[in-house]
Amino acid sequence: MKKIAIIGGGVAGLSAGIYALKSGFACDIYEQHIFAGGQCTSWKRKGYHIDNCVHWLTGTNPSTQMHQVWKELHVLGDDIPVIQNESFLHLESEGESLDLWQDTHRLRQDLLQLSPVDADAINEFVDQIEVYKGMDMPALKPIEQLSIKEFWLLLKKLRPIGKIHGKLSRISLQQYAKRFKHPLLQKMILAYMPHTYNVSSWLFVLGTFCSGNGALPKGGSEGITHRMIDQFLALGGTIHTRKKAVAFTYGKKCISGVTFSDGTTATADYYIAACDTAVTFKQLLHPKYIDKFFKEHYSNKQAHPVYSSFNTYLAVDADTSFLGDTTWFDCYPYWAVGRVQKNILLKNFASEPGFSPAGKNLLQTLLAQYEDDFERWEDLYLRYPEKYKEEKARLAQQIVERIETQFPVFKGKIEVIETVSPYSFYRFCGAYKGSYMSFILTPYAPKKSHKGRIKGLSNLYLSGQWLQPPGGLPNAAVTGRFTIQRLCKAEGIPFNQG
């Protein structure tokens, strides 16, 4: 029985581990943190359950390929309820409001009523969402393992999207928003994602949600990771925590072992780097092994930027159910680590009553942060640790004040119980520039995926969201599956999806 050592116990590492065990390999996962799960993580604070990752999940529609993968990993299934919200996002600005409804007929009617002068742009927008509802993320085989028939069936299925995707992938959200005259419709395009994203990414999100393929498994991040961990362990795998990999050692055109920060080592027949690829290339491997794909993506920051967020978690001694799931609103300006902010994005966990003590509720705010923001947080943490704490507390208090202004019913009833800066994502997960997603899909470069192989190292494979921008949990899980399919082919053995 061949043995695999997986570096990184996030969703990609767990996915690879589960499929490896099902396919007849022995498998150990080495995770630097005190528990597996990577950035799909949660923890407790003052009796509240802090979920710092998943707000919706591609693959909840049973007819999709991604749903099949999640079922095989026991993330989804008939015994696992999902939360399907009526609205993806509620926006409020200057006394007006709108909702991005799952029901596209209702969405079209509401937008036309709000701004009849934008009828052409509105109809085109909703028609585009309808097209993207047909998107089924290819998730069952790497592209090079598709048969001719499977490849042509895939092209046929994606043809309706392909007709508009090429054009829309070359338009930024900032450019697309200018098609609308009404200010709130412009904000509708720009509110949820960084403005440098291409508009096809936003339409993919809305199409996914509107097709019922973007709901949320009950239990959030903890439910996802615990079910994957339980399956991996039940199949006979072993997870080693507090094992921070610091270097690979080399044999003849292969990896011969991995060394950890505590001085211990591990050996295997195959190695899968399922950690952040910046860690793989900057710490574990010699710099000569970074290839053209990653050189381009890490160096061309206009074409391939990354982003993170500053998150606050707020205990609320009041009913929050009237907010719906996610709310965006304009507010009076506030200062956030070198940048003026003028709005708040608010996530409501009322649909998960177990996340809060009885009679209480939990809110989360997410403030988009970019590479220069990350560097300011890093500088504060490393040079002025007390100022780092003070800045987090100051920013959180400004956010609370603006929420209380927008929703006076919360006045005096909000307590800050947790703050997470972009540097937190780096400290605990090794995330490049604090990014919890992969490279942003911009209009300045076509989307490309990496096959997870490094030239000159026959027994090393890569897995993780960075191989398939823009990343996220589905891409992490899929790359874990693809890695084992490629490894099985190299070994000449059948892949078992279980």
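The values are calculated or read from the model by the stated rules, or taken from the named source; none is laboratory data. Keep in mind it's a predicted model, so treat the numbers as computed, not measured. No Cβ is skipped: glycine too gets one built from the backbone with ideal geometry, and neighbour counts run over all protein chains shown. Note: accessible area is taken over every heavy atom of the protein model, side chains too, but ligands, DNA and RNA are not part of it. Shrake-Rupley method; radii C 1.70, N 1.55, O 1.52, S 1.80 Å.
Could you look through region 405-445, keep only residues that are touching a Pro at 6+ places or on another chain (Cβ under 8 Å) and not in a loop (DSSP other than H, G, I, E, B), and pick out the one that is least open to solvent (accessible area, probe 1.4 Å)? Filtering first and then ranking leaves GLY434. If you go through region 372-395 and pick out every residue that is surrounded by 16 or more Cβ atoms within 10 Å (Cβ to Cβ) and out of contact with any strand residue (DSSP E or B) (no Cβ under 8 Å at 6 or more places or on another chain), you end up with 7.
Annotation: of all residues in region 451-498 being open to solvent by 60 Å² or more (accessible area, probe 1.4 Å) and of a type in the set (Gly, Ala, Ser), the one that is farthest from ILE4 (Cα to Cα) is GLY498. Screening LYS448 with (1) touching a helix residue (DSSP H, G or I) at 6+ places or on another chain (Cβ under 7 Å); (2) in a loop (DSSP other than H, G, I, E, B); (3) buried (at least 19 other Cβ atoms within 10 Å of the Cβ) gives one miss only, at (3). Quick test of your reading of the structure: ILE129 fulfils all but one of (1) modelled with pLDDT of 95 or more; (2) surrounded by fewer than 19 Cβ atoms within 10 Å (Cβ to Cβ). Name the failing condition by number. The single condition ILE129 does not satisfy is (2). The strands (runs of 3 or more DSSP E) found wholly in region 176-279 and carrying at least 3 residues that are surrounded by 22 or more Cβ atoms within 10 Å (Cβ to Cβ) and at pLDDT 95 or above occupy 270-273.
Considering only residues that are part of a loop (DSSP other than H, G, I, E, B) and within 23 Å of the chain's Cα centre (by Cα), which ones fall in region 323-351? GLY324, ASP325, PHE349, ALA350, SER351, listed by residue number. The single condition from (1) closer than 30 Å to LEU73 by Cβ; (2) among the hydroxyl-bearing types (Ser, Thr, Tyr); (3) out of contact with any Leu (no Cβ under 9 Å at 6 or more places or on another chain) that SER449 fails is (3).
Put simply, of GLN68, GLN39, GLN32 the only residue that is open to solvent by 30 Å² or more (accessible area, probe 1.4 Å) and closer than 21 Å to LEU487 by Cα is GLN68.
Within region 138-154, if we keep just the residues that are open to solvent by less than 70 Å² (accessible area, probe 1.4 Å) and either hydroxyl-bearing (Ser, Thr, Tyr) or modelled with pLDDT under 90 (or both), the residue that is farthest from LEU203 (Cα to Cα) turns out to be SER147. Scanning region 452-471 for residues that are part of a loop (DSSP other than H, G, I, E, B) and in contact (Cβ under 8 Å) with a residue 60 or more places away in the chain yields ILE454, LYS455, GLY456, LEU457, SER458, ASN459, SER463, GLY464, PRO469, PRO470. Taken over region 352-370, the criterion of being part of a loop (DSSP other than H, G, I, E, B), open to solvent by less than 50 Å² (accessible area, probe 1.4 Å) and among the small types (Gly, Ala, Ser) is satisfied by SER356 alone.
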